[in-house]
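The values are calculated or read from the model by the stated rules, or taken from the named source; none is laboratory data. Just so we're clear, the structure is a prediction, and the values are computed from it rather than from any experiment. Note: ideal-geometry Cβ built from the backbone for every residue, glycine included; neighbour counts use all protein chains shown. Just so you know, the surface numbers come from the protein's heavy atoms only, side chains and all, with ligands and any DNA or RNA stripped out. Shrake-Rupley method; radii C 1.70, N 1.55, O 1.52, S 1.80 Å.
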Amino acid sequence: MRCCHICKLPGRVMGIRVLRFSLVVVLVLLLVAGALTTLLPNAREDKMPTSRREIKSQSKSTLDSFTLIMQTYNRTDLLLRLLNHYQAVPHLHKVIVVWNNVGEKGPEALWNSLGPHPVPVIFKPQATNRMRNRLQVFPELETSAVLMVDDDMLISAQDLAFAFSVWQVMHMVRLL
């Protein structure tokens, strides 16, 4: 009988050790989650415009915004949908479309006929169709932050806002 009492004791000790280990793991996970939430954008920064047609303030500092450069070729319908989607992105200063359809007129007139847009879109027709056309120095580029995307990439507004907020933090750390 005494043997049974002794056999139960290590089980209880092991149970306490497992409980303590589990508690430590949960506490570490909570600390890591708390640290990661500091990287998320503030609630006021994360608010989306209530209307896609809402006009953003033109006096917004170029340090608090970014430019999106998108290269396209033979995808006018998809391009117009993407441009409409990116109009709702917070902190977006301007969109520059590198138009690689040589010899074809860009859809600038069609885009402008769709109504007022909160984010200006500039179409840059190219003389040749090259992948490196997006790497040019554009005189319209006024921001320090630039995001280059393809015409077949759809990135959510929340992901873009988060990525820009991380860039801002890292940019400030680098300046210090």
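What number of residues in segment 126-170 are among the aromatic types (Phe, Trp, Tyr) and farther than 16 Å from Val89 by Cβ?
Adding up the residues that qualify gives 1.
Please identify the pairs in which a residue from segment 124-144 that is under 24 Å from Ala109 (Cα atoms) has its Cβ atom under 9 Å from the Cβ atom of a residue that is part of a helix (DSSP H, G or I), counting only partners at least 6 apart or on another chain.
Lys124/Asn133; Gln126/Asn133; Glu142/Thr62
Would you check if there is a residue in segment 60-68 being of a type in the set (S, T, N, Q), open to solvent by less than 80 Å² (accessible area, probe 1.4 Å), under 24 Å from Met172 (Cα atoms) and at pLDDT 90 or above?
Looking for residues that are of a type in the set (S, T, N, Q), open to solvent by less than 80 Å² (accessible area, probe 1.4 Å), under 24 Å from Met172 (Cα atoms) and at pLDDT 90 or above, one finds at least one in segment 60-68, hence yes.
Give me a count of the residues in segment 86-104 that are within 11 Å of Leu68 (Cβ to Cβ) and either of a type in the set (S, T, N, Q) or not in a strand (DSSP E or B) (or both).
Matching residues across segment 86-104 total 4.
Hey, does segment 160-169 have a residue that's more than 20 Å from the chain's Cα centre (by Cα) and of a type in the set (Ser, Thr, Tyr)?
Step one: list which residues in segment 160-169 are more than 20 Å from the chain's Cα centre (by Cα), which gives none.
Among the residues of segment 160-169, not one is more than 20 Å from the chain's Cα centre (by Cα) and of a type in the set (Ser, Thr, Tyr), which makes the answer no.
Residue check: is Asn133 out of contact with any helix residue (DSSP H, G or I) (no Cβ under 7 Å at 6 or more places or on another chain) and in a loop (DSSP other than H, G, I, E, B)?
So Asn133 fails the test.
Kindly indicate whether Met153 is open to solvent by 40 Å² or more (accessible area, probe 1.4 Å), in a helix (DSSP H, G or I) and aliphatic (A, V, I, L, M).
no
Select from segment 135-147 the residues that are open to solvent by 80 Å² or more (accessible area, probe 1.4 Å) and among the hydrophobic types (A, V, I, L, M, F, W, C) and write down the one among them that is nearest to the chain's Cα centre (by Cα).
Top of the filtered list is Leu135.
Could you list all residues from segment 107-134 that are among the basic types (Lys, Arg) and either exposed (fewer than 11 other Cβ atoms within 10 Å of the Cβ) or farther than 18 Å from Thr72 by Cα (or both)?
Arg132
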